[in-house]
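Everything on this sheet refers to the single structure shown next.
Bear in mind that the values in this text are calculations on the coordinates, not laboratory data. Since the structure is predicted, the reported quantities are computational estimates derived from the model, not experimental observations. Neighbour counts run over all protein chains shown; Cβ positions are idealised from the backbone, glycine included.
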Amino acid sequence: MADTGFIPKEKWGAFIEGLSTKAQVYVPCLEGDTVLFRPFGKEKTLCFERPANSPPKSVIFPQSDTLFSFTFIKDPDNPQKTEVELKEHLDFPKTIVIGSRPCDAKGFTVYDRPYTETDTPDPYYKGRREKTTIVTMTCNSPSAGCFCTAVGGSPADKEGSDALITEVEKGYFIEALTEKGKEILQGPGVEDGKAYQGDATKKQEAVHSMVKNPFGPKGLGKVSPELFDNDEFWDNAVSKCVSCGACTYLCPTCYCFNITDEQTSDKGERIRTWDGCMYVHFTLEASGHNPRPTKFQRFKNRVGHKFSFYPEKYNGVIACCGCGRCIRYCPMSVDISEIVSNLQGA
């Protein structure tokens with residue numbers, strides 16, 4: 001059985017503050033009506049009551065990341081000869097993310113397969129991933145659009161987390177799942193948690209039963225090849241989409257990026273930034289040709305990657321954690337779960 005602990009509610013703030021003296025701590029902070037993950041500070045208004053509007057994926061996969069710097073150095077004896085000096089940026093601090101949801105943590109496992117479990121692991125993602133401890137908080141209730149249980153998850157799913165926290169009547173029950181998670185139990189104010197494990201289990205089971213399954217009693221089935229390749233189906237399904245791309249930026253499992261070189265005089269940086277398959281320029285070629293010129297083709301690619309291509313490559317694993325953010329925050333109320341359900345046909 002994994003190691004457990006308990007933090008009384010009156011010691012919760014001191015616990016987080018104590019961890020911040022040993023690592024860079026990211027917590028969900030209330031900014032207006034929006035909850036975002038920010039570095040911990042005493043002046044911040046913390047919010048653990050509801051899931052953050054966007055997942056903490058930027059902690060490990062930054063929205064804008066300088067991969068390396070470069071400097072052009074001319075040979076003083078031969079001005080026509082120029083050398084390039086590179087400086088990598090691979091110094092990553094010890095980091096703790098507190099308050100992510102199980103769907104957020106599971107999202108990192110979707111990243112892990114193409115970015116670390118390969119012959120050519122990405123050193124930037126891998127370096128941050130190894131230095132980061134994911135302390136996940138189970139959900140107190142489902143949010144609008146949530147369907148995590150329908151894609152193999154749960155409001156108390158442990159996959160991808162180093163420690164799992166469940167709020168009970170008098171405080172927070174902690175279950176350490178990895179060696180990094182066990183270090184969290186050494187934080188200030190942590191008591192023996194065995195007496196609270198039963199209450200935590202009951203809470204987890206109750207919330208699990210509240211999550212709706214949009215795919216019906218049979219659950220998620222196989223996508224119909226005929227419907228998937230039917231242009232009319234997709235044109236109707238996403239007719240109200242405005243291609244804003246919010247779904248890709250808010251998704252815990254979307255990891256597309258672009259790379260640019262930003263240069264001033266003889267110095268510059270190579271920068272990786274988030275990109276999204278919903279943008280028309282994403283597949284635009286230098287010739288002017290675009291293999292996915294229409295909105296429905298781009299959305300088809302997004303759904304296909306999550307529910308068809310990724311599972312085919314990674315032993316049936318679905319690249320969607322069912323967090324529901326793309327449904328809750330879509331300005332046109334496009335529902336990916338409804339579209340996937342309709343794709344299964346009769």
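With N denoting the number of residues in the range 1-64, provide Rg(C-alpha) divided by 2.2 N^0.38 Å, to two decimal places. If you can, show how the numbers build up before the last one.
Working: Rg = 13.2 Å, N = 64, 2.2 N^0.38 = 10.7 Å.
For the range 1-64, the normalised Cα radius of gyration is 1.24.
If each residue's Cβ is checked for other Cβ atoms within 10 Å, how do GLU269, GLU226 rank with the fewest at the top? Write out the running numbers ahead of the final one.
On the way: GLU269 16, GLU226 10.
Final ranking by Cβ density, sparse to dense: GLU226, GLU269.
Binning the C-alpha pair distances of the range 57-180 at 5 Å intervals from 0 yields a P(r) profile of 2, 9, 16, 17, 15, 11, 8, 6, 5, 3, 3, 2, 2, 1, 0, 0 %, listed from the shortest bin outward.
The range 177-250 and the range 1-29 have Cα centres separated by 24 Å. The GNM of the chain, with springs linking C-alpha atoms under 10 angstrom apart, assigns the highest mean-square fluctuation among PRO102, PRO217, PRO39 to PRO217. Each residue in PHE309, PHE48, PHE299, PHE108 was given a count of other beta-carbon atoms within 10 angstrom of its own, and listing them fewest first yields PHE309, PHE48, PHE299, PHE108. Largest GNM mean-square fluctuation among ASN236, ASN140, ASN78, using the chain with Cα springs under 10 Å: ASN78. By the beta carbon rule, with partners counted only under 4.7 Å, the chain holds these lone Cys residues: CYS29, CYS47, CYS139, CYS146, CYS148, CYS241, CYS244, CYS256, CYS277, CYS320, CYS330.
Sites listed here are trypsin sites (Lys or Arg not before Pro) in the range 140-245 whose DSSP assignment is loop and whose Cβ has at most 16 other Cβ atoms within 10 Å: LYS170, LYS212, LYS218, LYS222, LYS240. Its Cα centre serving as origin, the chain has a Cβ charge dipole (Lys and Arg +1, Asp and Glu -1) of approximately 680 debye. Could you tell me the center-to-center distance, by alpha carbons, between the range 314-336 and the range 54-120 in angstrom? The distance from the Cα centre of the range 314-336 to that of the range 54-120 comes to 26 Å. The listed peptides 283-292, 112-121, ordered by packing as a protection proxy, come out as 112-121, 283-292 (highest mean of other Cβ atoms within 10 Å first). Using only alpha-carbon positions in the range 4-343, the gyration tensor eigenvalues give semi-axes of 35, 31, 16 Å once each is multiplied by 5 and square-rooted (largest first). The ranking of ASP266, ASP157 from fewest to most other beta carbons within 10 Å of each one's beta carbon is ASP266, ASP157.
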